[in-house]
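Written out below as structure tokens is the structure these notes cover.
The values are calculated or read from the model by the stated rules, or taken from the named source; none is laboratory data. The structure displayed is predicted, hence computed values, not measured ones. Neighbour counts run over all protein chains shown; Cβ positions are idealised from the backbone, glycine included. Only protein heavy atoms, including side chains, enter the accessible area calculation; ligands, DNA and RNA are left aside. Shrake-Rupley method; radii C 1.70, N 1.55, O 1.52, S 1.80 Å.
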Amino acid sequence: MKKLSSLEIRKLWLEFWEEKGHLIIPSASLIPHDDPTLLWINAGIAPLKKYFDGRETPKRNRLANVQKSIRTNDIENVGVTARHHTFFEMLGNFSIGDYFRKEALTWAYEILFSEKWFALDKKNIYFSYYPEDLETKKMWMKLGVEEERLIPLEGNFWEIGDGPCGPCTEIFYDRGLKYDPENIGLRLIIDDLDNDRYVEIWNIVFSQFNAESGKKREEYKELPSKNIDTGMGFERIVSILQETDTNFETDLFMPIIKDIEKLSGVKYDGQMAFKVIADHVRSVTFAISDGANVSNEGRGYVLRRLIRRAVRYGKKLGLNKPFLASLVDRVVSIMQEPYPNLVKAKELVKVVVNNEEEKFLKTLDKGEKKLLDYMEQAKGKVITGEIAFLLYDTFGFPIELTLEVGKEHGFEVDLKSFEVELEKQRKRARASRDEDESMISQNEDMLKFKEESIFTGYSELKRVSKVIAIFKDGTSFKEANGEVLLVFDQTPFYGLKGGQVGDQGKVVFQDNEYKVKDTILLPNGQHASLVDFGGEYIKVADKVILQVDKALRFNTAKNHSATHLLNYALKQVLGSHVHQQGSSVSSTSLRFDFNNFSLPTDEELLKVEAIVNKMIDLGHHVETKDMALDKAKTLGVEAMFSDKYEDVVRVVTIGDSKELCGGTHVSNAKEIGKFVILSCETKGSGIYRIEATTDTNIKDKLLESADNILIEISNLKQKAEELVKSAKEEKLDIVYKAPQDVKYLESYKYLLDLRELSTKYQVLVKDIDKEYQKQYRESKQISPTLFKDKVEVINGVKVVIDKLEDVDSEVLKDLVDNLSDNLQLEIVLLANVSSGKIVYVSKNKNKKVKAGDLVKMAAVYHHHYHQ
């Protein structure tokens with residue numbers, strides 16, 4: 001057996017298969033392309049599925065590669081076993097309808113045992129096969145494998161759902177009795193027992209059948225085009241050829257571990273922490289280099305989890321400061337020859353890793369301390385879901401770390417209740433954000449689709465049309481079911497454009513109605529409608545009846561026309577410098593962004609609202625006219641000229657308002673009914689946003705906007721009533737007059753009036769409370785004449801020093817003032833005993849004595865006197 005470096009092994013593998021007529025293909029990115037079923041590329045076959053299922057034809061039918069992969073389903077085993085990794089490489093050779101069993105096994109035998117290649121000792125190799133696959137057994141024996149080294153296993157059949165499947169043969173390397181102290185032997189393979197003696201290094205799959213649900217395996221039909229799919233674990237074969245105890249002592253990991261030794265000052269002796277850190281920094285370096293980034297979901301969450309797990313294991317080695325980024329250079333130096341893109345990306349990788357590491361370290365200590373404190377005080381051995389979620393939500397402490405720390409101390413985690421808390425958080429997040437569910441992203445199929453689709457929705461809302469294109473999940477189909485985007489030769493459905501939402505409605509197909517959920521614009525301008533056909537198939541050239549939702553379209557048109565009038569009115573009130581900076585128009589409301597020097601005042605907004613309503617009342621006819629863009633510009637039309645416009649544009653005129661617009665509008669301004677501003681706020685950088693609505697939506701929208709103010713007014717009313725009630729109980733006479741309630745008014749003024757009413761109630765509550773306190777003190781007032789007999793003259797100074805019990809603090813202050821004034825006292829010092837505590841209050845007109853000193857002396861006297 002040769003002792004080879006990892007680079008030499010990689011080179012030998014590729015050279016061997018190139019000699020056998022294989023096209024050497026580069027590793028695909030770890031981030032899957034056009035495969036929503038995968039989070040990461042997790043096997044050599046993953047990026048080649050399109051060839052195996054016939055969707056595409058490769059340049060050559062013989063392929064070979066070294067594919068980088070990530071799997072995190074058994075992350076807890078990393079560092080525990082000799083061979084588990086999150087990032088690993090798969091050596092693969094593939095035949096797409098070319099060679100099959102005979103060649104695959106012959107070449108496998110050659111690369112394993114030939115002195116030119118890996119030169120493994122045949123005495124250390126065992127082969128498994130599917131019991132029904134006697135061809136494979138015979139072929140191995142023909143090549144020279146002894147029968148006692150061939151093990152039939154029922155599990156040797158590769159099958160994942162419907163589609164290509166077939167028997168497989170696995171190659172195991174026997175590392176000897178050193179790794180099997182109980183001398184269990186081949187039963188470790190036969191019973192599939194976890195062990196370090198027999199290491200599976202290669203799996204060869206004979207993809208020859210088509211799996212079908214509901215059929216027995218022996219009923220599967222043979223594929224017309226048989227394939228070979230193989231996968232050899234790179235880290236495993238490197239460990240075998242370098243004769244190391246585990247994969248972590250190979251030249252793929254050991255330089256990283258040596259760096260960790262230097263950073264930590266701890267000598268490596270197989271500790272799990274070294275293995276976890278070395279493994280995870282490889283994963284993170286490759287993932288970020290391929291375009292992944294840290295986040296709270298999907299791939300980003302996996303990265304965050306790997307970084308944080310590595311940081312925690314770093315702390316076990318005494319690494320309490322950011323260190324992980326410093327290992328990136330070592331990963332790159334080991335792997336840069338086969339993956340030169342690592343060199344370009346390494347600085348970015350270090351920044352991302354360091355930022356995440358610093359962020360996590362700030363919360364990790366707090367989180368872990370809280371968890372340890374909890375376990376120390378816990379009565380049982382279960383970490384509740386509430387505590388686990390608190391650590392996750394407040395301290396950024398991953399649930400996986402809670403599980404690990406808990407396990408280390410003999411605790412279990414109530415995952416079920418943790419999931420309940422997590423779902424509550426998700427619901428809160430969904431409720432607090434504005435959902436923006438875009439239908440699709442632009443893609444090649446849509447960009448290529450240039451067939452004309454005529455929009456007829458300016459003049460009609462219903463028509464018979466023909467389907468000219470079908471897109472599902474961004475891909476073009478001739479026939480499809482489920483949720484699809486349909487393009488018609490002619491359509492009344494308006495697609496999202498210029499801030500106006502897409503039309504909804506229905507499609508009638510074969511006497512069945514299907515809801516049009518939305519309509520968008522494709523890259524080349526066609527209006528495409530999103531329809532869910534369920535299990536029903538629709539195909540290109542089918543005839544359908546299209547019907548736009550009339551009420552939604554009309555309400556949207558009202559708001560769109562009102563937006564034009566708002567734009568005009570803002571210029572009249574604020575100045576000609578005002579320009580549209582964005583808008584959104586739906587069937588329920590409108591939003592208009594504009595520039596200005598400051599936030600418009602309430603008076604200005606009322607003027608704007610009045611101008612719009614006046615233009616509505618005047619009943620301006622809404623005119624639309626197509627004209628050359630250059631001509632439209634000379635007319636002074638309002639437009640966002642940063643937008644892309646055709647040579648011929650559509651000009652919409654409503655009175656003195658003229659704008660370029662492709663949207664849908666009312667035919668007369670009177671149809672808008674009424675216009676009401678709901679709010680105006682700053683968006684920053686001199687941009688402001690008005691939200692408004694029209695006609696039948698006004699009452700609901702106004703009351704929705706007024707809701708918080710109405711609640712505040714109600715609470716203030718209640719507080720005022722409670723103060724008056726308390727006053728009566730104290731036999732105080734407080735008279736107040738409540739402000740007059742605001743009458744509902746369909747105007748922005750209604751909201752202003754409510755705010756003014758709220759302010760009046762705030763003042764009223766403050767005044768009532770002030771009067772209450774005044775009368776209360778007066779009712780509890782103590783007459784100064786009661787203290788005439790307690791007046792003393794000390795060194796020529798006239799004073800009163802006395803002790804009282806349970807006197808209100810405000811009353812006490814008044815008493816001190818009254819005593820000083822009415823009895824012409826220079827010094828007053830009163831001690832009030834209440835609930836076992838003494839409070840001293842004084843007033844001093846004598847400049848030679850400080851009142852504060854008197855209080856201090858009295859306190860000291862009291863302390864000594866009572867000891």
State whether one or more residues within the stretch 366-374 are open to solvent by less than 70 Å² (accessible area, probe 1.4 Å), of a type in the set (D, E, K, R) and either touching a residue at least 60 places away in the same chain (Cβ under 8 Å) or in contact with a Gly (Cβ under 8 Å, 6 or more places away or on another chain) (or both). no
Based on this model, can you work out whether residue 405 counts as over 23 Å from residue 362 (Cβ atoms) and at pLDDT 75 or above? no
All but one of (1) free of Cβ contacts under 8 Å to residues at least 40 places away in the same chain; (2) not basic (Lys, Arg); (3) not in a helix (DSSP H, G or I) hold for residue 603; state the number of the condition that does not hold. (3)
Given the conditions (1) under 17 Å from residue 449 (Cα atoms); (2) open to solvent by 70 Å² or more (accessible area, probe 1.4 Å); (3) modelled with pLDDT under 90, and given that residue 475 satisfies all but one, which numbered condition is not satisfied? (2)
What is the one condition in (1) crowded, with 17+ Cβ neighbours inside 10 Å; (2) farther than 30 Å from residue 103 by Cα; (3) not β-branched (Val, Ile, Thr) that residue 255 does not satisfy? (1)
Filter the stretch 529-563 for residues that are hydroxyl-bearing (Ser, Thr, Tyr), over 33 Å from the mean Cα position of the chain (by Cα) and surrounded by 16 or more Cβ atoms within 10 Å (Cβ to Cβ) and give the result. 561, 563
Within the stretch 791-831, which residues are open to solvent by 20 Å² or more (accessible area, probe 1.4 Å) and under 60 Å from the mean Cα position of the chain (by Cα)? 806, 807, 808, 809, 810, 813
Answer from 450, 416 - the residue that is surrounded by fewer than 18 Cβ atoms within 10 Å (Cβ to Cβ), more than 18 Å from residue 368 (Cβ to Cβ), basic (Lys, Arg) and modelled with pLDDT of 90 or more: 416
Mind checking whether some residue in the stretch 434-442 is among the hydrophobic types (A, V, I, L, M, F, W, C), open to solvent by 40 Å² or more (accessible area, probe 1.4 Å), at pLDDT below 90 and closer than 30 Å to residue 497 by Cβ? yes
Could you check how many residues of the stretch 409-425 are in a loop (DSSP other than H, G, I, E, B) and not aromatic (Phe, Trp, Tyr)? 3
Of everything in the stretch 381-401, what is acidic (Asp, Glu) and at positive phi? Give them in sequence order. none
Have a look at 185, 166 and point out the one that is over 39 Å from the mean Cα position of the chain (by Cα), without any contact (Cβ under 8 Å) to a residue 24 or more places away in the chain and not in a helix (DSSP H, G or I). 185
Just name the residue that is least open to solvent (accessible area, probe 1.4 Å) out of those in the stretch 290-313 that are without any contact (Cβ under 8 Å) to a residue 40 or more places away in the chain and touching a Leu at 6+ places or on another chain (Cβ under 9 Å). 310
Every listed condition ((1) modelled with pLDDT under 70; (2) surrounded by fewer than 15 Cβ atoms within 10 Å (Cβ to Cβ)) holds for residue 858 save (2)
Restricting to the stretch 775-790, what's the tally of residues that are crowded, with 16+ Cβ neighbours inside 10 Å and either more than 25 Å from residue 727 (Cα to Cα) or free of Cβ contacts under 8 Å to residues at least 24 places away in the same chain (or both)? 2
Report every pair of residues separated by at least 6 positions or lying on different chains whose Cβ atoms are under 7 Å apart, first residue within the stretch 555-581 and part of a helix (DSSP H, G or I), second surrounded by fewer than 23 Cβ atoms within 10 Å (Cβ to Cβ) and among the basic types (Lys, Arg). 573/607
Condition test on residue 91, is it more than 20 Å from residue 222 (Cα to Cα), open to solvent by less than 50 Å² (accessible area, probe 1.4 Å) and in contact (Cβ under 8 Å) with a residue 60 or more places away in the chain? yes
Taking the conditions exactly as written (open to solvent by 50 Å² or more (accessible area, probe 1.4 Å), of a type outside the set (A, V, I, L, M, F, W, C) and part of a helix (DSSP H, G or I)), does residue 714 satisfy them or not? yes
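Quick test for you: out of 546, 566, pick the one residue that is modelled with pLDDT of 95 or more, under 25 Å from residue 698 (Cβ atoms) and touching a Phe, Trp or Tyr at 6+ places or on another chain (Cβ under 8 Å).
Going through 546, 566 in turn, just one is modelled with pLDDT of 95 or more, under 25 Å from residue 698 (Cβ atoms) and touching a Phe, Trp or Tyr at 6+ places or on another chain (Cβ under 8 Å): 566.
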Quick check, is residue 287 within 20 Å of the chain's Cα centre (by Cα), of a type in the set (Gly, Ala, Ser) and buried (at least 24 other Cβ atoms within 10 Å of the Cβ)? yes
Per the list (1) assigned to a strand (DSSP E or B); (2) surrounded by 16 or more Cβ atoms within 10 Å (Cβ to Cβ); (3) not basic (Lys, Arg), residue check on residue 493 breaks on (1)
Would you confirm whether or not the stretch 126-133 contains a residue that is open to solvent by 50 Å² or more (accessible area, probe 1.4 Å) and more than 48 Å from the chain's Cα centre (by Cα)? yes
I'm checking my understanding of the structure. Among residues of the stretch 67-78 that are open to solvent by 10 Å² or more (accessible area, probe 1.4 Å) and of a type outside the set (D, E, K, R), which one is modelled with the lowest pLDDT? 73
Any idea how many residues of the stretch 458-472 are touching a residue at least 60 places away in the same chain (Cβ under 8 Å), part of a strand (DSSP E or B), surrounded by 14 or more Cβ atoms within 10 Å (Cβ to Cβ) and not charged (D, E, K, R)? 5
All but one of (1) among the aromatic types (Phe, Trp, Tyr); (2) without any contact (Cβ under 8 Å) to a residue 24 or more places away in the chain; (3) open to solvent by less than 10 Å² (accessible area, probe 1.4 Å) hold for residue 140; state the number of the condition that does not hold. (2)
